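The values are calculated or read from the model by the stated rules, or taken from the named source; none is laboratory data. From a predicted model like this one, the values you see are computed outputs, not experimental measurements. Heads up, the Cβs are rebuilt from the backbone with ideal geometry, glycines too, and the neighbour counts pull from every protein chain shown.
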Amino acid sequence: MLANLPLRYKEYLRQEYSIPTELISVVEKGGSLYLYGKVGSGKTYTAVKLSEYIKPKHKYSHQTGKAKGIFINADEMFHQLSIPENKPVIFGKLQNYDYIILDDLSLGNWTPAKQESLFVIINKVYVLKQQIIITSNYSPKGIENLDNRITSRLSEIGKFFEFKTERRKKWQ
Ligand SMILES: Nc1ncnc2c1ncn2[C@@H]1O[C@H](COP(=O)(O)OP(=O)(O)O)[C@@H](O)[C@H]1O
Ligand SMILES: [Mg+2]
């Protein structure tokens with residue numbers, strides 16, 4: 001079960017392009033992923049498809065036999081988190097999921113507050129043994145230059161994977 005998935009990306013669940021088997025085995029083993037590469041290279045598609053391979057961890061998701069995840073657009077999340085009273089609510093809510101897909105992390109308009117929020121989220125994933133799949137058009141090096149706590153936590157819980165093929169479908 002993947003909450004909050006936008007209509008456009010729901011279609012991805014019905015498409016049948018193959019995804020890298022090494023990524024399937026990472027998520028099956030409980031690992032997290034940082035998928036990066038150019039726009040249109042299939043990062044969001046892969047993240048959404050990988051959700052089907054994530055195993056349930058929490059007690060309540062064991063009852064349904066399905067992992068419970070939430071899809072969040074990164075900019076939208078940072079915007080919500082910029083409202084102080086939202087913070088504990090959002091961080092609290094995220095704890096209820098087995099996995100989080102944080103889509104389209106961009107380093108534009110980067111602020112110390114965003115950096116701190118991202119670290120808090122990744123750190124919570126780490127301590128609560130959740131899984132996170134981040135998609136971004138920035139290489140891990142770009143993040144490391146900003147805050148190496150983020151990349152070092154990420155490398156403890158998962159893998160970085162670069163998408164190299166550009167294949168965005170054009171409108172007509
Ligand atoms: N392996 C693939 N072969 C062909 N098309 C693909 C493949 N993976 C994804 N796509 C398509 O490519 C388009 C862009 O994918 P998307 O994952 O949204 O890109 P990104 O998130 O990297 O910008 C979508 O229309 C998707 O259906
Ligand atoms: Mg995308």
Output for region 92-121, where each listed residue is closer than 21 Å to Met1 by Cα and not acidic (Asp, Glu): Gly92, Lys93, Leu94, Gln95, Asn96, Tyr97, Tyr99, Ile100, Ile101, Leu102, Ile121
Any residue that is under 30 Å from Lys164 (Cα atoms), assigned to a helix (DSSP H, G or I) and β-branched (Val, Ile, Thr) - is there at least one of those in region 48-62? yes
Residue list for region 133-168, filter: in a helix (DSSP H, G or I), at pLDDT 95 or above and of a type in the set (A, V, I, L, M): Ile150, Leu154, Ile157
Residues of region 85-123 that turn out to be out of contact with any strand residue (DSSP E or B) (no Cβ under 8 Å at 6 or more places or on another chain), touching a residue at least 12 places away in the same chain (Cβ under 8 Å) and of a type in the set (Ser, Thr, Tyr), as a count: 1
Any hit, region 143-153, residues being in contact with a strand residue (DSSP E or B) (Cβ under 9 Å, 6 or more places away or on another chain) and away from ligand 2 (no atom under 16 Å from the Cβ): yes
Per the filter on region 80-113, residues within 16 Å of ligand 1 (Cβ to nearest atom) and among the small types (Gly, Ala, Ser) are Ser106, Gly108
Within region 23-79, take every residue that is among the small types (Gly, Ala, Ser) and without any contact (Cβ under 8 Å) to a residue 12 or more places away in the chain and give me the one that is nearest to ligand 1 (Cβ to nearest atom). Ser25
Within region 95-117, does at least one residue satisfy the condition of being within 20 Å of Gly31 (Cα to Cα), part of a helix (DSSP H, G or I) and under 15 Å from the mean Cα position of the chain (by Cα)? no
Select from region 127-153 the residues that are closer than 14 Å to Val27 by Cα and out of contact with any Leu (no Cβ under 7 Å at 6 or more places or on another chain) and write down the one among them that is farthest from ligand 1 (Cβ to nearest atom). Lys129
Candidate set from region 36-65 (those that are in contact with a Gly (Cβ under 9 Å, 6 or more places away or on another chain) and within 13 Å of ligand 2 (Cβ to nearest atom)); member that is farthest from Arg153 (Cα to Cα): Lys43
